[in-house]
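Taking it in order: structure first as structure tokens, then the write-up.
The values are calculated or read from the model by the stated rules, or taken from the named source; none is laboratory data. This structure is a prediction, so every number in the text was calculated from the model and none was measured. Neighbour counts run over all protein chains shown; Cβ positions are idealised from the backbone, glycine included.
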Amino acid sequence: MTIQNKTMLITYSDSLGKNLKELNENLGKYFGEAVGGVHLLPFFPSTGDRGFAPVDYDEVDAAFGDWNDVKALGEKYYLMFDFMINHISRQSKYYKDYQEKHEASAYKDLFLNWDKFWPENRPTQADVDLIYKRKDRAPKQEIHFADGSVEHLWNTFGEEQIDLDVTKDVTMDFIRKTIEHLAENGCDLIRLDAFAYAVKKLDTNDFFVEPEIWELLDKVRSIAAESGTELLPEIHEHYSIQFKIAEHDYYVYDFALPMVVLYSLYSGNVNRLAKWLKMSPMRQFTTLDTHDGIGVVDVKDILTDEEIDYTSNELYKVGANVNRKYSTAEYNNLDIYQINSTYYSALGDDDKKYFLARLIQAFVPGIPQVYYVGFLAGKNDLELLEKQKKGAILIVIIIAVAKLQKKSNVQLFKLC
């Protein structure tokens with residue numbers, strides 16, 4: 001289905017029903033024409049990070065259904081799937097084959113070898129410090145082979161997520177086959193998760209490495225175009241990077257909007273919002289909330305440091321069931337990346353302010369994406385958060401199903 005300028009719902013397969021079939025039924029029953037597209041968060045077999053450590057892309061997790069259920073959803077809505085271009089699970093058949101056969105494995109070049117990446121006597125501590133890391137140590141992990149040898153592989157994210165070597169033919173073949181398979185099963189738009197980490201290069205910070213990142217993106221775009229799909233590169237960083245991506249004629253995310261709108265509603269000053277709307281890309285997807293919480297790093301230099309601090313402090317002051325500790329490592333969150341709250345609770349569970357925020361999103365340039373919790377004005381669930389110690393994903397599960405039947409909560413997005 002062609003991508004349309006209609007609201008895209010962001011949801012897991014089991015968030016609005018037990019599985020894909022129930023999701024489809026509930027969308028038709030309760031949401032009507034309010035939803036035009038669906039970002040179906042990872043629904044493949046996975047060994048961690050709620051789907052973002054995929055074992056492979058050939059199957060649908062049996063708990064959610066099968067490819068027929070996905071295709072049925074695609075008959076009504078344009079669909080976006082995630083492709084984790086940077087990594088795959090260490091429980092995948094590719095990793096296990098490499099672990100068993102070592103140099104004889106057909107997949108020995110699929111993974112980025114940490115030891116072979118560095119010249120002799122490196123990395124130094126300065127090399128490691130230079131890397132743009134998501135952890136407080138070198139991003140590597142041991143692999144123990146069946147022949148008894150031990151090496152190290154790049155491991156940017158969680159322990160289950162082993163980095164791919166995107167410079168090798170076997171990896172590009174894997175990317176091609178995966179994209180073709182997703183397209184055959186109803187995918188209209190591919191979200192390239194964490195793509196900025198995919199290219200590693202000596203003497204750089206290994207994040208959004210130019211020009212190599214463009215060479216990779218263009219290769220992937222050519223593959224996607226052959227299959228009739230578009231790309232949406234996902235990156236949380238300074239807004240100038242989104243501008244660069246837009247200049248290369250890719251869809252981009254407006255991850256700055258959430259904090260700019262909060263600042264405007266807290267302060268009563270719309271100058272920053274007005275300025276941002278004059279300069280923001282047009283070919284974009286807008287957000288106020290996602291499964292990752294409310295982004296902070298994306299708004300730097302759109303808001304001043306003082307304004308960012310003001311907005312964060314006001315959120316903790318006026319927000320409902322919000323506490324600074326919930327955006328810390330203890331709850332699997334770091335303030336530098338995101339604030340752990342639903343957007344509704346960030347506005348003090350205030351219906352009028354929330355409705356205004358969604359009106360702004362509906363009318364600014366771009367296609368609005370709305371996380372399922374935000375679609376239902378979900379509140380922060382502190383009891384569940386304390387129980388699970390999980391941040392942006394699990395804090396937001398309190399939702400009254402009755403709200404599905406309130407037109408005021410759903411009708412707004414028909415404006416798009």
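Miscellaneous remarks
- Subset of the range 48-66 [surrounded by 17 or more Cβ atoms within 10 Å (Cβ to Cβ) and outside any strand (DSSP E or B)]: Asp49, Gly51, Phe52, Ala53, Val55, Asp56, Tyr57, Val60, Asp61, Phe64, Gly65
- Selection of the range 28-43 for residues being under 15 Å from Met80 (Cβ atoms) and surrounded by fewer than 22 Cβ atoms within 10 Å (Cβ to Cβ) yields only Gly36.
- Within the range 207-266, the set of residues being among the small types (Gly, Ala, Ser) and either farther than 30 Å from Asp129 by Cβ or touching a Lys or Arg at 6+ places or on another chain (Cβ under 8 Å) (or both) comprises Ser222, Ala224, Ala225, Ser227, Gly228, Ala246, Ser264.
- Taking every residue in the range 244-270 that is under 20 Å from Glu306 (Cβ atoms) and pairing it with any residue that is crowded, with 24+ Cβ neighbours inside 10 Å and of a type in the set (Asp, Glu), at least 6 positions away or on another chain, the pairs with Cβ-Cβ distances below 8 Å are Ala256/Asp298; Pro258/Asp289; Met259/Asp298.
- Set Tyr337, Tyr354, Tyr343, Tyr331: member being surrounded by 16 or more Cβ atoms within 10 Å (Cβ to Cβ), within 19 Å of the chain's Cα centre (by Cα), in the same structural domain as Asp49 (by the TED database) and at pLDDT 95 or above: Tyr343
- Among the residues of the range 80-126, the one identified as more than 24 Å from Met172 (Cβ to Cβ) and either surrounded by 15 or more Cβ atoms within 10 Å (Cβ to Cβ) or in contact with a strand residue (DSSP E or B) (Cβ under 6 Å, 6 or more places away or on another chain) (or both) is Pro123.
- The listed residue being under 20 Å from the mean Cα position of the chain (by Cα) and modelled with pLDDT of 95 or more, out of Ser105, Ser46: Ser46
- Looking across the range 260-286 at every residue that is buried (at least 16 other Cβ atoms within 10 Å of the Cβ) and in contact with a Gly (Cβ under 8 Å, 6 or more places away or on another chain), the one that is nearest to Asn380 (Cα to Cα) is identified as Thr286.
Residues checked against (1) farther than 28 Å from Ile88 by Cβ; (2) in a loop (DSSP other than H, G, I, E, B); (3) touching a Ser or Thr at 6+ places or on another chain (Cβ under 7 Å); (4) outside the structural domain of Gly158 (by the TED database):
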position: Asp14; (1), (2), (3), (4): no, yes, no, yes
position: Leu23; (1), (2), (3), (4): no, no, yes, yes
position: Lys29; (1), (2), (3), (4): yes, no, no, yes
position: Gly32; (1), (2), (3), (4): yes, no, no, yes
position: Val38; (1), (2), (3), (4): no, no, yes, yes
position: Phe44; (1), (2), (3), (4): no, yes, no, yes
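- Filter pass, Leu130 being touching a residue at least 60 places away in the same chain (Cβ under 8 Å), in the same structural domain as Val38 (by the TED database) and either crowded, with 23+ Cβ neighbours inside 10 Å or out of contact with any strand residue (DSSP E or B) (no Cβ under 7 Å at 6 or more places or on another chain) (or both): no
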